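Q: Input: one structure, supplied below.
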Amino acid sequence: MSLNSDIQILRAQTPEDIDFVKIIFLEYLNFVEDYLGQSLGFQNTEKEFSDFPQTYDGLFLAKVNGKAMAACGIKPFKPNICELKRLYCRQDGRGHGLGLKVTHEAMCFAKGFGYKDIYLDTDHGLIHANSIYEKLGFQDIEKYYDNPMDSRFMGRSLLDYS
């Protein structure tokens, strides 16, 4: 992709954009399950995708030259706390900072939606994803849900996020 690429970061609201997010999320699941060598079924993914996008407050999509390349979502977790879920950028979209941009958009939405804190879990070996989260001010926190894997749990306040 050229340096002069047209990049759009948006909240997915049309049926077409929601479908693009779902496709990217399913690509993410395949990637992560292959990488980890185990299923993420413990996250209730079957229900998540059977009534998609009902479990999300917001879905976010990055497009390069009109093509869907990256996505993430905001899910409610507890009162005043949300989760950042399923951040993924397709191979063809890498090198544009899309992961950082789409996550920033999701965090601004979450703050505006009234959430005070945002959590996420990731794998220690996903170096690029971890660097995005660290750049955005996430810090390591205690395990916040029953996860059988050796995941990295991170969180941050949204009160001071801009």
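The values are calculated or read from the model by the stated rules, or taken from the named source; none is laboratory data. All values derive from a computational prediction rather than experimental measurement. Glycine also receives a Cβ, built like all others from the backbone with ideal geometry; neighbour counts cover every protein chain displayed.
Q: How about region 20-38: which of its residues are under 19 Å from residue 83 (Cβ atoms) and either basic (Lys, Arg) or exposed (fewer than 12 other Cβ atoms within 10 Å of the Cβ) (or both)?
A: Answer for region 20-38, where residues must be under 19 Å from residue 83 (Cβ atoms) and either basic (Lys, Arg) or exposed (fewer than 12 other Cβ atoms within 10 Å of the Cβ) (or both): just 22.
Q: On to the next question. Can you name every residue in region 29-63 that is modelled with pLDDT under 95 and among the aliphatic types (A, V, I, L, M)?
A: 29, 32, 36, 40
Q: Okay, next question. Considering only region 14-54, how many residues are in contact with a strand residue (DSSP E or B) (Cβ under 8 Å, 6 or more places away or on another chain) and farther than 25 Å from residue 126 by Cα?
A: Of the residues in region 14-54, 3 are in contact with a strand residue (DSSP E or B) (Cβ under 8 Å, 6 or more places away or on another chain) and farther than 25 Å from residue 126 by Cα.
Q: Name the residues in region 1-12 that are surrounded by fewer than 11 Cβ atoms within 10 Å (Cβ to Cβ) and within 18 Å of the chain's Cα centre (by Cα), would you?
A: none
Q: Check whether at least one residue in region 148-160 is over 19 Å from residue 36 (Cβ atoms), touching a helix residue (DSSP H, G or I) at 6+ places or on another chain (Cβ under 9 Å) and in a loop (DSSP other than H, G, I, E, B), and report yes or no. Lay out the reasoning, then the answer.
A: Going residue by residue through region 148-160, those that are over 19 Å from residue 36 (Cβ atoms) are 155-160.
Filter once more, so that each one left must be touching a helix residue (DSSP H, G or I) at 6+ places or on another chain (Cβ under 9 Å): 156, 158-159.
This time we only want the ones that are in a loop (DSSP other than H, G, I, E, B), so: 158-159.
Yes, region 148-160 contains at least one residue that is over 19 Å from residue 36 (Cβ atoms), touching a helix residue (DSSP H, G or I) at 6+ places or on another chain (Cβ under 9 Å) and in a loop (DSSP other than H, G, I, E, B).
Okay, residues lined up against (1) in a loop (DSSP other than H, G, I, E, B); (2) among the hydrophobic types (A, V, I, L, M, F, W, C):
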{"site": "32", "(1), (2)": "no, yes"}
{"site": "35", "(1), (2)": "no, no"}
{"site": "39", "(1), (2)": "yes, no"}
{"site": "52", "(1), (2)": "yes, yes"}
{"site": "56", "(1), (2)": "yes, no"}
{"site": "60", "(1), (2)": "no, yes"}
{"site": "68", "(1), (2)": "no, yes"}
{"site": "75", "(1), (2)": "no, no"}
{"site": "86", "(1), (2)": "no, no"}
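Q: In region 108-127, which residues are in contact with a helix residue (DSSP H, G or I) (Cβ under 7 Å, 6 or more places away or on another chain) and under 22 Å from residue 90 (Cβ atoms)?
A: 120, 122, 123, listed by residue number.
Q: Filter region 110-145 for residues that are at positive phi and over 16 Å from the mean Cα position of the chain (by Cα) and give the result.
A: Once the filter is applied, which keeps residues that are at positive phi and over 16 Å from the mean Cα position of the chain (by Cα), region 110-145 yields only 114.
Q: If you take the residues of region 49-71 that are more than 20 Å from residue 6 (Cβ to Cβ) and under 14 Å from the mean Cα position of the chain (by Cα), which of them is surrounded by the fewest Cβ atoms within 10 Å (Cβ to Cβ)?
A: Of region 49-71, the ones more than 20 Å from residue 6 (Cβ to Cβ) are 49-59.
So of that shortlist, the ones also under 14 Å from the mean Cα position of the chain (by Cα) come out as 53, 55-59.
Details: 53: 18, 55: 15, 56: 22, 57: 17, 58: 19, 59: 26.
Looking at residues that are more than 20 Å from residue 6 (Cβ to Cβ) and under 14 Å from the mean Cα position of the chain (by Cα), I get 55.
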